[in-house]
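The values are calculated or read from the model by the stated rules, or taken from the named source; none is laboratory data. Everything quoted here is computed from the prediction, not taken from an experiment. A quick note on method: Cβ atoms are made from the backbone with ideal geometry, for glycine too, and the neighbour counts reach across all protein chains shown. SASA here: full protein model, heavy atoms, side chains in, ligands and nucleic acids out. Shrake-Rupley method; radii C 1.70, N 1.55, O 1.52, S 1.80 Å.
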Amino acid sequence: MSGSLFDLIRSRIPSADTILIETADGGARISYGEMLTRSARLAGALVRRGVKPGDRVAVQVEKSPENVMLLLAVLRAGAVYLPLNTAYTTAELDYFVGDAKPSLLVCDPDKREGLAAIAAARNAALETLDADGKGSLTELAATAPADFGDVSREETDLAAILYTSGTTGRSKGAMLSHGNLGSNAAVLADYWRFTERDVLLHALPLHHTHGLFTATVTLMLAGGSMLFLPRFDADEVLRLLPKATTMMGVPTFYTRLLQHPALTREACAHMRLFTCGSAPLLAETHRAFFERTGHAILERYGMTETGMNTSNPYDGARIAGTVGFPLPGVDLRIADMESGRLLPQGEIGIIEVRGPNVFSGYWRMPEKTATEFRPDGFFITGDVGRIDARGYVHIVGRAKDLIISGGFNVYPKEVESEIDALPGVVESAVIGCPHPDFGEGVTAVVVAQEGAEMTEASVIAALEARLAKFKLPKRVVFIADLPRNTMGKVQKNALREVNKAIFL
Ligand code: AMP
């Protein structure tokens, strides 16, 4: 067996007849045996279109089972998979294609016309694939042989480039190797006790590491099955829960399910595990979900550059508001933000990680890569956190969201937790806005429950007894909903932009 991720997946196939993916509407059903032939034909099609080992294949398509087949085909061809969010505009795609220089671009048929010029200018071939798995690429694959001589790969060879959803500056391409992806998925399959009997309800997008690798590859390494939903839909999820055993979600999945009257203990009786990550899960959501269903959501922490780093335990306490322990093989430490000095247990600092899961660097950005790693190989995540006395990791926020007001550090999470605990508050986001005296002024953006009687003054008054004066919001603004991206992450940069003149 080579170091190829596909070899690892192949080595774990349960039986050719076991279902790998079934769509929620019953329209498509692919067994592991069919996966082998379909991905072989697609790999053949890639080669016919000129894809060579090491080439990038950029993919901007709607989620479908065929999309997973394409990922596997790219791996079999020894090429590098480059998923792109379907929300990206043509101008954004021009940047990605110019930066990654793929030899093939696969897009939805609707986008073909708009992308033809970009592909031609960058010398990339262009093929299509739609949400039903149809398109010029599958037509080409239909005439390719049902077996394919897989290209051998080392574990250190590149398997994928995932552009981070960077909010400042240029988006960076995280280079992930076959070994990074395979080792992380193998650890997760084991840690979360995935087996052939599992049916994973898959409602995440496929252009992001969570839905693409954490969910799909972990499940395949256990030889289980997936039920594919094109996107999250609370009604659909509730209809399908009795057929599933596990679901991986982002926090908004759970808040939306909690708003649904059909979410009950009985509705979840067939499930053994709900996991959550990609953004912080409110402790309140964790508790409410447990009360309604009897399931303690298992929260974990990871990022595009590293895959999963920590997880709450499968057995043992899944503690709300924490992301659990470093996964087997992952070294995690807390360092001083400026000096990089290691901090004693319990103190807040920057989270650094090292392990077989950690990427090798940013595509064509050696200088940027060098500044993000310590000399001993630890990656500086940019997340701020601490480790408690029991060893659980807590995330306080992103370093760039840290507020420095009058020379004091204010960690938004601490203020948000206090605000969220006030009666009538749904959720909140705390940001720093330019302030003439303090540098930054603490600003709270609050979502109140309908009909809640709450004013700026009442929120500040309620917090006075609970927070040191320098942490108190100087302004509180109310908003109907917090702006979020597709992974449920609150877009604090958008909130900062809207409120940038609030103190000026
Ligand atoms: P991405 O690269 O899009 O997966 O985003 C990774 C970032 O999401 C991390 O660096 C964290 O800031 C955040 N994140 C992921 N999981 C969690 C979690 N469980 N709690 C808080 N933040 C998280």
Residues of the stretch 10-29 classified as within 14 Å of G224 (Cα to Cα), surrounded by fewer than 22 Cβ atoms within 10 Å (Cβ to Cβ) and of a type outside the set (S, T, Y), total: 9
How many of the residues in the stretch 262-279 are under 24 Å from L482 (Cβ atoms) and away from the ligand (no atom under 15 Å from the Cβ)? 1
Out of the stretch 241-255, which residues are surrounded by fewer than 23 Cβ atoms within 10 Å (Cβ to Cβ) and either modelled with pLDDT under 95 or under 19 Å from E196 (Cβ atoms) (or both)? K243, A244, T245, T252, T255
Within 18 Å of Y301 (Cα to Cα), of a type in the set (A, V, I, L, M), within 16 Å of the ligand (Cβ to nearest atom) and in contact with a Gly (Cβ under 6 Å, 6 or more places away or on another chain): does that describe V217? no
Within the stretch 106-126, identify whether any single residue is touching a Phe, Trp or Tyr at 6+ places or on another chain (Cβ under 7 Å) and either among the aliphatic types (A, V, I, L, M) or crowded, with 20+ Cβ neighbours inside 10 Å (or both), and answer yes or no. no
Would you point out which residue out of I380, I350, I319 is in contact with a His (Cβ under 9 Å, 6 or more places away or on another chain) and either closer than 25 Å to V410 by Cα or in contact (Cβ under 8 Å) with a residue 24 or more places away in the chain (or both)? I319
Scanning the stretch 395-412 residue by residue, those surrounded by fewer than 18 Cβ atoms within 10 Å (Cβ to Cβ) and either near the ligand (Cβ under 10 Å from one of its atoms) or within 20 Å of the chain's Cα centre (by Cα) (or both) turn out to be R398, A399, K400
T275: farther than 16 Å from G391 by Cβ, modelled with pLDDT of 95 or more, among the polar types (S, T, N, Q) and touching a Ser or Thr at 6+ places or on another chain (Cβ under 7 Å), yes or no? no
Would you say T293 is open to solvent by less than 50 Å² (accessible area, probe 1.4 Å) and out of contact with any helix residue (DSSP H, G or I) (no Cβ under 8 Å at 6 or more places or on another chain)? yes
If a residue has to be touching a helix residue (DSSP H, G or I) at 6+ places or on another chain (Cβ under 6 Å), among the charged types (D, E, K, R) and surrounded by fewer than 24 Cβ atoms within 10 Å (Cβ to Cβ) to count, how many in the stretch 49-103 make the cut? 1
Restricting attention to the stretch 482-493, does a residue exist that is assigned to a helix (DSSP H, G or I), open to solvent by 40 Å² or more (accessible area, probe 1.4 Å) and at pLDDT below 95? yes
When R76 is evaluated against the numbered criteria (1) over 16 Å from F148 (Cβ atoms); (2) of a type in the set (K, R); (3) within 25 Å of the chain's Cα centre (by Cα), which criterion, by number, is the only one it fails? (1)
Within the stretch 228-240, which residues are open to solvent by 10 Å² or more (accessible area, probe 1.4 Å) and either of a type in the set (D, E) or assigned to a strand (DSSP E or B) (or both)? D233, D235, E236
Only one residue in A100, A160, A120, A131 is over 14 Å from L46 (Cβ atoms), among the small types (G, A, S) and without any contact (Cβ under 8 Å) to a residue 60 or more places away in the chain. Which one? A120
Say whether the condition of being outside any strand (DSSP E or B), more than 16 Å from the ligand (Cβ to nearest atom), loosely packed, with under 14 Cβ neighbours inside 10 Å and small (G, A, S) is met by at least one residue in the stretch 154-168. no
Is it fair to say L5 is under 27 Å from the mean Cα position of the chain (by Cα) and within 22 Å of V199 (Cα to Cα)? yes
Tell me which strands (runs of 3 or more DSSP E) are completely within the stretch 1-86 and hold 1 or more residues being polar (S, T, N, Q), or say none if there are none. 19-23, 29-31, 56-60
Here are some residues: T310, T306, T322. Which one is farther than 13 Å from V393 by Cα and at pLDDT 95 or above? T306
V358 within 12 Å of the ligand (Cβ to nearest atom) and either in contact with a Ser or Thr (Cβ under 8 Å, 6 or more places away or on another chain) or outside any loop (DSSP other than H, G, I, E, B) (or both): no
Within the stretch 280-325, considering residues that are part of a helix (DSSP H, G or I), among the hydrophobic types (A, V, I, L, M, F, W, C) and out of contact with any strand residue (DSSP E or B) (no Cβ under 8 Å at 6 or more places or on another chain), the one nearest to the ligand (Cβ to nearest atom): A283
Under 8 Å between Cβ atoms, which residue pairs at least 6 apart in sequence (or on different chains) link something in the stretch 13-33 that is at negative phi with a partner that is in a strand (DSSP E or B) and open to solvent by 60 Å² or more (accessible area, probe 1.4 Å)? I19/R29; I21/R29; E22/R29; T23/R29
Please count how many residues of the stretch 434-461 are surrounded by fewer than 18 Cβ atoms within 10 Å (Cβ to Cβ) and not in a loop (DSSP other than H, G, I, E, B). 8
Considering residues of the stretch 413-444 that are touching a Gly at 6+ places or on another chain (Cβ under 8 Å) and within 16 Å of the ligand (Cβ to nearest atom) only, the residue nearest to T455 (Cα to Cα): S417
Give me a count of the residues in the stretch 404-433 that are among the hydroxyl-bearing types (S, T, Y) and at pLDDT 95 or above. 1
